[in-house]
Amino acid sequence: MGNKNHKKAIRSLTQRIAEHQNKIRLEFEKDFPDEGLIKHWQAEIRAFEKAIQQARKRLGK
């Protein structure tokens, strides 16, 4: 994968993290937040962050 693709992946994953953080915030605002769903989104955020680290490593940053 070229540098352009790594940079695109980083942008996409960063956007997905922001979307998931917003979902978590909205879920916490409910009277009865779904803890299982929140944990799922948090796990996905960790996976996205790991993928970003790997992409940055491949870019040499």
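Scanning region 1-27 for residues that are within 17 Å of Ala47 (Cα to Cα) and among the aliphatic types (A, V, I, L, M) returns Ala9, Ile10, Leu13, Ile17, Ala18, Ile24.
If I filter region 41-60 for residues that are more than 11 Å from the chain's Cα centre (by Cα), loosely packed, with under 11 Cβ neighbours inside 10 Å and not in a helix (DSSP H, G or I), do I get at least one hit? Within region 41-60, one or more residues are more than 11 Å from the chain's Cα centre (by Cα), loosely packed, with under 11 Cβ neighbours inside 10 Å and not in a helix (DSSP H, G or I). Selection over region 3-30 of residues that are in contact with a Lys or Arg (Cβ under 9 Å, 6 or more places away or on another chain) and at pLDDT below 95 gives a count of 2.
The values are calculated or read from the model by the stated rules, or taken from the named source; none is laboratory data. No experiment lies behind these values; they were computed from the predicted model shown. Cβ atoms come from the backbone with ideal geometry, glycine included; neighbour counts cover every protein chain shown.
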